[in-house]
Amino acid sequence: VRVTVVGGSGFIGSKLVAALRQRGDEVTVTGRSAVTLAKRFGEGVGRVEWDPVQGPPPAEALEGCDGVINLAGESVASGRWTKARRERIRASRVEGTRHLVAALAAASDKPKVLVNASAIGYYGDAAHRALHETSANASDFLAEVCAAWEGEASKARAAGVRTAIARFGVVLGREGGAYPLMSRPFRLFVGGPIGLGRRWISWIHLDDVVGLLLHLLDTPTADGVFNGTAPQPVSNAEFTKELAAALKRPALFPVPPLALKLLLGGFAAVVLSSQRVLPMRTLASGYAFRYPTLRGALEGLR
Ligand SMILES: NC(=O)c1ccc[n+]([C@@H]2O[C@H](COP(=O)([O-])OP(=O)(O)OC[C@H]3O[C@@H](n4cnc5c(N)ncnc54)[C@H](OP(=O)(O)O)[C@@H]3O)[C@@H](O)[C@H]2O)c1
C-alpha cells in the first residue's frame, strides 16, 4: 500500500511513519522544509516539500497513493496566542486541508481514503456531560477551527474518497505532547491537581493514536467522525493520583487555575476545559484499544 502522510515530521507523524514502514507500506511524507524532511527521514521514505497554506500540493505528493493521512497544523501548545498565531493555527488546518482536498478531487487516479486529524477541542468546555461523536461543536476559537477543518476534509467524500476524521484527545507519549509537561512537576515533587480536580481529561496513548490511524486507513467501512480518546476518561484528581503513583511521587500541591492562565495564555483554555469524551463510533468500528486504562498507559510511558 502507498500512503502519503501530510505533516508527518511531528510528534504523531514520526511514530506513524515508522509503523507504516514496519508493516511494509510505501510512505511519502510532505512537510514545509526539504531540509527538515531529509534530517527526519532516510532514503526509504519519499519526501515532498509543500507548505499546505500556500496552495495545492505538487503532483508527486499524491501520485499513485492509495491513502492520505493529514496531520499538519501549527502547534497550539506553546507560546502566546497572538493574532498572527491564531491565524496560523486556523489557516494551517482549514486552508491547508482545503488545498489538499482540491488536489485529491482533481487527481485522475484518486486515493481511496483520506484520514484527517481533528481534536476534541471541537466540543469545547463541557463540564460533566458525556460527549459522543454526534455531540454539537462549541463556539470558542478552537472549536470553530476544528469544525471548519473537518468541514474541509469532509468535502473529499463528494469526490468519491472515503473520509475518516479522528478527533484526538490529550495524546500521551514519551517524546512530545502533554505528558512530559504534565509529569515534570511531579518528578520535581511539586505536582498536584488543577483546582479541585473535578475537570474531565480525555486522554489517549500515542500507540493507540497510531493504531487508530492505521485502523481507519485499512477499514473500508470506516467513514465519518471517530473520537480518538481512550474508553475511560478520568477526572483531573484521578489523573493526578495515577500519575503520582506511576512516577512514585507525592501529589501535594493543587495548581490554582489562575496561575495556569498567566503561565499558558491561550493554551490555558485547553488545559482548563473539562471534556468527558467517549469513543462510541471508534469502538463500534472494531478498534481495540491497546491502552484502555490510564494506569496501563502511564506504566507504558515510565
Ligand atoms: N498531540 C496532541 O495531543 C494532539 C491532540 C489532538 C489533536 N492533535 C492534532 O493532530 C495533528 C498532529 O499532531 P502532532 O502533535 O503530531 O503535531 P505537531 O508535531 O505539532 O505538528 C505536526 C506537523 O504540522 C506541520 N506544521 C506545523 N506548523 C505548521 C504550519 N504553520 N503550517 C503548516 N504545517 C505546519 C509540521 O510539519 P513541517 O514543519 O514538516 O511542515 C509538523 O510536523 C495536529 O493537527 C494536531 O492538531 C494533536
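The values are calculated or read from the model by the stated rules, or taken from the named source; none is laboratory data. Computed from a predicted model, the values in this text were never measured in an experiment. Positions of Cβ are backbone-derived with ideal geometry, glycine not excepted, and every protein chain shown enters the neighbour counts.
Please work out which residue is nearest to W81 (Cα to Cα), limiting yourself to the range 138-160 and to residues that are surrounded by fewer than 17 Cβ atoms within 10 Å (Cβ to Cβ) and more than 17 Å from the chain's Cα centre (by Cα).
This residue is D140.
Residue check, Q232 against (1) touching a residue at least 60 places away in the same chain (Cβ under 8 Å); (2) buried (at least 19 other Cβ atoms within 10 Å of the Cβ); (3) under 16 Å from V277 (Cα atoms); (4) not β-branched (V, I, T), all met but one. Which one?
So the condition that Q232 fails would be (2).
Taking the conditions exactly as written (small (G, A, S), within 30 Å of F267 (Cα to Cα) and near the ligand (Cβ under 9 Å from one of its atoms)), does G55 satisfy them or not?
Values: small (G, A, S): yes; within 30 Å of F267 (Cα to Cα): yes; near the ligand (Cβ under 9 Å from one of its atoms): no.
Taking the combined requirement at face value, the residue does not satisfy it.
Let me spell it out: the conditions are (1) under 30 Å from F267 (Cβ atoms); (2) more than 8 Å from the ligand (Cβ to nearest atom); (3) in contact (Cβ under 8 Å) with a residue 12 or more places away in the chain, and T30 meets all of them except one. Which number is the exception?
(2)
For the range 186-204, indicate whether the set of residues that are without any contact (Cβ under 8 Å) to a residue 12 or more places away in the chain and either among the acidic types (D, E) or surrounded by fewer than 17 Cβ atoms within 10 Å (Cβ to Cβ) (or both) is non-empty. Step through it out loud before you land on a result.
Of the residues in the range 186-204, the ones without any contact (Cβ under 8 Å) to a residue 12 or more places away in the chain are 188.
From what's left, either among the acidic types (D, E) or surrounded by fewer than 17 Cβ atoms within 10 Å (Cβ to Cβ) (or both): 188.
Scanning the range 186-204 turns up at least one residue that is without any contact (Cβ under 8 Å) to a residue 12 or more places away in the chain and either among the acidic types (D, E) or surrounded by fewer than 17 Cβ atoms within 10 Å (Cβ to Cβ) (or both).
Here are the criteria: (1) part of a loop (DSSP other than H, G, I, E, B); (2) within 23 Å of S135 (Cβ to Cβ); (3) of a type outside the set (F, W, Y). Tell me which single one I204 does not satisfy.
(1)
Yes or no, residue by residue, for (1) of a type in the set (V, I, T); (2) over 20 Å from A117 (Cβ atoms):
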| position | (1), (2) |
| --- | --- |
| T36 | yes, no |
| P57 | no, no |
| G73 | no, no |
| A77 | no, no |
| K83 | no, yes |
| R90 | no, no |
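Which is modelled with pLDDT of 95 or more, touching a strand residue (DSSP E or B) at 6+ places or on another chain (Cβ under 8 Å) and more than 9 Å from the ligand (Cβ to nearest atom), of V35, V94, V45? Give the steps one after another, and end with the answer.
On the way: V35 fails: touching a strand residue (DSSP E or B) at 6+ places or on another chain (Cβ under 8 Å); V94 fails: touching a strand residue (DSSP E or B) at 6+ places or on another chain (Cβ under 8 Å).
Every option except V45 fails the conditions.
Of a type outside the set (D, E), farther than 25 Å from D207 by Cα and surrounded by 19 or more Cβ atoms within 10 Å (Cβ to Cβ): which single residue out of A268, A259, A251 fits that description?
Details: A268 fails: surrounded by 19 or more Cβ atoms within 10 Å (Cβ to Cβ); A259 fails: surrounded by 19 or more Cβ atoms within 10 Å (Cβ to Cβ).
One residue alone meets the criteria, A251.
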